[in-house]
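Written out below as C-alpha cells is the structure these notes cover.
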Amino acid sequence: MSYDAIKVTLGVLATVGLYSVLYKENRFYRFFEHLFLGLAAGWTLVVIWVENLKGPWWDLMVGVAPEKPTDPIGNGNWALILLLPLGLMGYMVFSKKHNWMSRIPIGIILGLWSGQQIQIWYNTYGKQIAGTAQPIWPTTWSSLTVPDYAKSGLTGDALANAKSQVYLSQAVSNFLFLITVVCVLSYFLFSFDAKTKLVRSASSMGRYLLMIGFGAIFGSTVLMRFTLLIDRMYFIWIEWLQQTILQR
Amino acid sequence: MNLILQSKTVNFWAQPYGSSTLWAYLFGALIFGILVFVGLMFMPAQFRRPVVAFCTFIAGAYWVLLYAWPAPIDLQPNELPQGPVEGVGAWLKDANPVVVGMTGIITAFMLGLGIFSLLSIHLRKIRRQQRDWPFSVVLLVSMVAMVSFGYADYFSRQGPDGTKLDLQANWGLANYGRDLLFDGLLQQMDAAMFSVIAFYILSAAYRAFRIRSVEATILLSTALLVMLSLMGAVAYISEQTINGLVSSTGNDFFLNFTLTEVAGWVRRTFETSSLRGIAFGVGIGALAMGLRIWLSLEKSGGNA
Amino acid sequence: MAKNDPIPQPIKPSMSLAEKLTSLPKFYLYIILIFFSSAPLFINVTVPNKPLESSIDLYATLMSVKPGETVLVASDWTNSTRGESWGQFNSVMRILMRRGVNVVLYSTGDAQAPRVAQDSIAKLNKERLAKGEPEYKRWENFVSVGFFSSGEAATNGMATNVKATFAGRKDFAPGRGLTDVYESPILKGREKIENFPLLIVITGSKTSNITVERLSGKVPIAFTVTGVMGPETGNFYQSGQIVGFASGLKGLYDLEGLMENGVNVPGKDGQIVIKSEKYPKIDGFPGQPNAGQGSRYYPTLHFAVALLILAVIIGNVGMFLARKGAK
C-alpha cells in the first residue's frame, strides 16, 4: 500500500470512528476523540514556539548569528526576558493561594483589547450608519421602478443622470431598511422598560424583523453544515473507496 | 525613534549577539523578574486590585492615546519631532510594533494554559488509574508524537535546502510523520467533528422546528427562502417559469418576481438591516464593556 | 382465571398517522441523510447558476490586480471548514497564480492555518506542474509570514506599519534557509498597508470582522467566508467596507463559474453566460482546471436541502394532524 493510500485510509478510519457517536457513545469514538485532542494540543505546542516565540521573542532577545562572516553582528534586546515571568503569572490560575496573579497578564490583554474599542467602533459602524441613511423620498416620478438601462437607449450624461435618480421602489426599500434597523435596535436598547406605546410597538415589530435575520442565519448555517458533511462523504466514497481502493 | 525593545544600535538596552554583556544583562533581568514575581506572591491583599487595575489601565491607555493624540503630520524617518505634542505622537506611533509584539508574546504564553490544564487533568487520571485512563494515555502519546514530528519537520527545513522539502519527493521520515499526523489524521478529524452537527441539525429540524407562533413562521419562511434561492436549480426553474409568463403576457414587470429577485430584495432590505441592528446593539455593548474593563469598573475583574 | 392461563397483555393502541410521522428513529434519519449526501456524488450533473453580485465583484477585483503586484492573503481556515474554505482558497489562489500576482500569506485565526495553506499551495503546484505550467515558488512568488496569536494586535499593527508587525518573521529562502520575510523580492518597498493593492481574507471565523474593524478604509478588502457568515458579511458589503465577497458553497460555485465563463464574454454559442451591467468584459480561464469542490458538491447539496425541507414539512404536518385529532 502506498503512503497516500495509508494516509487516506487512516483518515477514513478516524472519520468513521468519530461518526460512530451518532449511533451511541462507544470506546471506538472515545479513542479517536482523545487522539484528536492530543494531536491538536501537540500541534498548538509546536506553533506556539515556532511561529510566536522563536522569531518575535527569542531571536529578538538573544540576537541572531550573522549569516555570513562579513555581515554585521545583530543585537539582542535583553529586556524582553521580563515577558517570561509576566507570561508565567498566567499559570498561577492553578494556585489556590496566588491565583490573583493570573489577573495581571489577563488584565493587560483585556486592557489592550478594551483600549482599541473606541477606534474600532467608529471604523466598523461609522460607514454602516452612513449606509443606513439612504434617501427615503424619490427624486423622480418618471418610473415607479428602476428602469432597464440596457433597453432604455440612454447613453453618456443622460444615462449617468438616470442612474443617479432615486425611484419610488428604491425609496420604499430604503425606508423599510431604515425602519428595520430602528425597530431591531429599539428591541435591544429599550427592552428593559418600554414606557411609551410607540417604543413598545417598535420593539415588538423589531422582534418579528429580528426573526428574518435569524432565519437567514439558520438557512446559511444549514447549507454550510451540509456542505461539510458532503465533503466528508466525498472523502470517504470518492477519494478513498473509488480512487484509492478501487483505483478508478 | 529607537525604543528600548527595537534598538538597532548598541546601547544599554541592546547588546551584541553572543556577548557576555548580553547574557549578564539577560540573567540579571531574569533574576529581577523572578524577584518581582516572588514579591507579588507576598503582596498584601489590599494592594492586589490596584495593581491589576493599574496594569489594565496602562495597557488600554496606549491604544486610547494612539487614537486620540494628534499624530505627527508627514514626519520623515530621519526627522526629529518638533515640540512635545509631536514628540508624544511620534513616540506612540513608533511604540506600536513593540506593543503589538509584546501582546503577541504574552498571548502565546497564555495559549499554553489550555494545554497545561489538559496535561494536568490527564496525567492525574493516569496516575490514579481513574475510569478510562487508557484513553488519557492515547492523548498523551499522540501529543508527544505530534510535538516530536512537528519539531523534527521544522528543524529539517532549517538549512539552505529547506525549500526543497515543499516537494514530497524530497521528504524524510520526519516530514512523512508530520504529514501523516497533521494532514492524514488531525485535519480529517477536525472536518469530521464539524460535520457531525449536520446530523443534529436535521434531527432537530425534524423534531422541533414547528410553526407554533408568528416568530417561528417568519423564521422558517426566511430560512426556506434563503436556502431555495441559493439552490441554482430551483432559481433556474423559477426563472424559466417567470420567463414563460413574461413571453405570454409581454410584460417585463413580472421579471421582478423570480426567486432570485425576491430573495435578493428580502436580503437587501430586511435581512441586512436586521443583522445591522443586531450588530449595532452588540457594538454598543462591546464599547460599554470595553470602557468598564479598561477602567476596572467590572466587579468580577481585579477582585483579589 | 386458571393458574396456567397466559397473563393478558394490555392492548397497544395503533399509532395515529400524526404519531407515525413524527416518530421516525433518529438513526434512520441519519442513514437517509448519509444516502442523500453520498449518492448524488456519483452523478455528474451541471447545475445552472446565476452568480450573486457580491461574487462578481470579488472576481472583478481579483482580475483587476496587475501581474507582478503583491497582495496580502489572510488564510484563517483549517480543515474544519474544508468543505467550503478549501475550494475558496484554491479558486482565489488559482486566479492569482494564473495572473502572476504574488501573495503574502498570514494567519490570525488558527494555529493550524499556515500549514494547511502551504499544503494546499503544494497541491496546486502539483496541478500546475502536471499542466506544464511553472511552479509557484516560495520566496519568489509567495511567502508565509505565519500565525499571529493575537489577531487584534497584529491587525492593528498592520494598520500602522506592516513591516514592523512582520518583524522577526521568517520564511524559507532558496539557498539561505530561514530568512527575514522582508528580504523577499515580493515584499520590497511594501512597508505600509497602503502599499498593497488588495487584502483577501479566507476565513471560517470572526477574523473577517477583526480585519474590517482595523483595516477598513486603508486597503481594499475582499472576503471568502463560510456560509454561516454570509448574512453578516453582507452587512459590510452593503456599506462599502469590503469590495466583494463569496459566501459558502454557492459563492464558491459562483467563482468557479466566473473562472470558466468570465463576465460579459460570449460562449461558444455566442450567448453571454454571465452578464453584468457594472463591468465591461472580464475574461475567464476557459480550458483550464476551474471546476473544483463547488462543481462537485453543489448538485448534492440540493438533495440534502430537499431532505431537510421534507423533514420539516413532515414534522409540521404531524403536528397539525395531532392538533386536529386532539380537538
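Taking first residues from segment B:22-43 that are more than 13 Å from A:I104 (Cβ to Cβ) and partners that are assigned to a helix (DSSP H, G or I) and of a type in the set (G, A, S), the Cβ contacts under 7 Å between residues at least 6 apart in sequence or on separate chains come to B:A29/A:A79. Which count do you get for residues in segment C:130-140 that are closer than 19 Å to C:F172 by Cβ and either modelled with pLDDT of 95 or more or surrounded by fewer than 16 Cβ atoms within 10 Å (Cβ to Cβ) (or both)? Adding up the residues that qualify gives 3.
Any residue in segment C:40-56 that is surrounded by 14 or more Cβ atoms within 10 Å (Cβ to Cβ), farther than 21 Å from B:S238 by Cβ, touching a residue at least 40 places away in the same chain (Cβ under 8 Å) and at the interface with chain B (Cβ under 10 Å from one of its Cβ atoms)? No, there is no match, as no residue in segment C:40-56 is surrounded by 14 or more Cβ atoms within 10 Å (Cβ to Cβ), farther than 21 Å from B:S238 by Cβ, touching a residue at least 40 places away in the same chain (Cβ under 8 Å) and at the interface with chain B (Cβ under 10 Å from one of its Cβ atoms).
Could you grab me the full set of residues in segment C:219-251 that are hydrophobic (A, V, I, L, M, F, W, C) and more than 9 Å from chain A (Cβ to nearest Cβ)? Show your work before the answer.
Keep residues of segment C:219-251 that are hydrophobic (A, V, I, L, M, F, W, C), which gives C:219, C:221-223, C:225, C:228-229, C:236, C:242-243, C:245-246, C:249.
Selection gives C:V219, C:I221, C:A222, C:F223, C:V225, C:I242, C:V243, C:F245, C:A246.
For segment C:169-182, check the following and say yes or no: at least one residue is buried (at least 20 other Cβ atoms within 10 Å of the Cβ) and among the polar types (S, T, N, Q). No, the conditions are met nowhere in segment C:169-182. Would you confirm whether any residue within segment A:101-114 is crowded, with 22+ Cβ neighbours inside 10 Å, over 26 Å from B:S20 (Cβ atoms), charged (D, E, K, R) and within 7 Å of chain B (Cβ to nearest Cβ)? Yes: one or more hits.
Just a yes or no: is a residue in segment B:45-68 surrounded by 11 or more Cβ atoms within 10 Å (Cβ to Cβ) and part of a loop (DSSP other than H, G, I, E, B)? No, segment B:45-68 contains no residue that is surrounded by 11 or more Cβ atoms within 10 Å (Cβ to Cβ) and part of a loop (DSSP other than H, G, I, E, B).
Identification of helices (runs of 4 or more DSSP H) wholly contained in segment B:229-304 with 2 or more residues that are within 30 Å of A:S204 (Cα to Cα), more than 7 Å from every other protein chain (Cβ to nearest Cβ) and of a type outside the set (D, E, K, R) yields B:259-266, B:272-294.
When you go through C:N141, C:N90, C:N102 one by one, which is the residue that is at negative phi, out of contact with any Pro (no Cβ under 8 Å at 6 or more places or on another chain), without any contact (Cβ under 8 Å) to a residue 60 or more places away in the chain and of a type in the set (S, T, N, Q)?
Working: C:N90 fails: without any contact (Cβ under 8 Å) to a residue 60 or more places away in the chain; C:N102 fails: without any contact (Cβ under 8 Å) to a residue 60 or more places away in the chain.
None of the other options fit; the residue is C:N141.
Listed by position, the strands (runs of 3 or more DSSP E) contained in segment C:170-218 that have at least 2 residues being more than 14 Å from chain B (Cβ to nearest Cβ) and within 28 Å of the chain's Cα centre (by Cα) are C:199-203.
Of all residues in segment C:110-160, those satisfying the criterion of being part of a helix (DSSP H, G or I), more than 21 Å from the chain's Cα centre (by Cα) and of a type in the set (A, V, I, L, M) are C:L129, C:A130, C:A153, C:A154, C:M158, C:A159.
Have a look at C:V263, C:V219, C:V181, C:V243 and point out the one that is of a type in the set (A, V, I, L, M, F, W, C), farther than 23 Å from A:K127 by Cα, in contact with a helix residue (DSSP H, G or I) (Cβ under 9 Å, 6 or more places away or on another chain) and touching a residue at least 40 places away in the same chain (Cβ under 8 Å).
On the way: C:V219 fails: farther than 23 Å from A:K127 by Cα; C:V181 fails: in contact with a helix residue (DSSP H, G or I) (Cβ under 9 Å, 6 or more places away or on another chain); C:V243 fails: farther than 23 Å from A:K127 by Cα.
Within the list C:V263, C:V219, C:V181, C:V243, the selection yields C:V263.
For segment A:71-100, a residue qualifies if it is of a type in the set (S, T, N, Q) and at the interface with chain B (Cβ under 7 Å from one of its Cβ atoms), and the qualifying residues are A:N75, A:N77. The single condition among (1) of a type outside the set (V, I, T); (2) over 16 Å from the mean Cα position of the chain (by Cα); (3) within 22 Å of A:M224 (Cβ to Cβ) that C:G100 does not satisfy is (3). Within segment B:151-176, restricting attention to residues that are in contact with a helix residue (DSSP H, G or I) (Cβ under 7 Å, 6 or more places away or on another chain) and not in a helix (DSSP H, G or I), the residue that is farthest from C:G175 (Cα to Cα) is B:G172. Among the residues of segment A:161-206, those that are buried (at least 16 other Cβ atoms within 10 Å of the Cβ), of a type outside the set (A, V, I, L, M), assigned to a helix (DSSP H, G or I) and free of Cβ contacts under 8 Å to residues at least 40 places away in the same chain comprise A:Q170, A:S173, A:T180, A:C183, A:S186, A:Y187, A:F188, A:S203, A:G206.
Here B:S120, B:S156, B:S148, B:S142 are screened, and the one residue that is more than 11 Å from chain A (Cβ to nearest Cβ) and either under 27 Å from C:T108 (Cβ atoms) or surrounded by fewer than 17 Cβ atoms within 10 Å (Cβ to Cβ) (or both) is B:S156. Taken as a whole, the condition of being among the acidic types (D, E), without any contact (Cβ under 8 Å) to a residue 40 or more places away in the chain, out of contact with any His (no Cβ under 9 Å at 6 or more places or on another chain) and within 14 Å of chain B (Cβ to nearest Cβ) does not apply to A:D157. When the residues of segment A:50-102 are filtered to those that are farther than 30 Å from B:A53 by Cα and among the basic types (K, R), the one that is modelled with the lowest pLDDT is A:K68. In segment B:75-86, the residues that are more than 17 Å from C:T160 (Cβ to Cβ) form Cβ pairs under 8 Å with partners that are not hydrophobic (A, V, I, L, M, F, W, C), at six or more places apart or across chains, as follows: B:V85/B:P70. Just one of the listed residues (A:R232, A:R225) is within 26 Å of the chain's Cα centre (by Cα), touching a residue at least 40 places away in the same chain (Cβ under 8 Å) and within 14 Å of chain B (Cβ to nearest Cβ), namely A:R232. The residue that is surrounded by the fewest Cβ atoms within 10 Å (Cβ to Cβ), among those in segment C:81-129 that are of a type in the set (K, R) and more than 11 Å from chain A (Cβ to nearest Cβ), is C:K123. Just a yes or no: is a residue in segment B:116-130 without any contact (Cβ under 8 Å) to a residue 24 or more places away in the chain, more than 22 Å from A:A79 (Cα to Cα) and not in a helix (DSSP H, G or I)? Yes, some residue in segment B:116-130 is without any contact (Cβ under 8 Å) to a residue 24 or more places away in the chain, more than 22 Å from A:A79 (Cα to Cα) and not in a helix (DSSP H, G or I). Kindly establish whether A:L241 is at the interface with chain B (Cβ under 7 Å from one of its Cβ atoms) and assigned to a helix (DSSP H, G or I). The answer is no for A:L241. Restricting segment B:192-214 to residues that are more than 7 Å from every other protein chain (Cβ to nearest Cβ) and closer than 19 Å to C:L321 by Cα, which is modelled with the highest pLDDT? Looking at residues that are more than 7 Å from every other protein chain (Cβ to nearest Cβ) and closer than 19 Å to C:L321 by Cα, I get B:S213.
The values are calculated or read from the model by the stated rules, or taken from the named source; none is laboratory data. Worth saying up front: this structure is predicted, and the values here are computed from it rather than measured. A quick note on method: Cβ atoms are made from the backbone with ideal geometry, for glycine too, and the neighbour counts reach across all protein chains shown.
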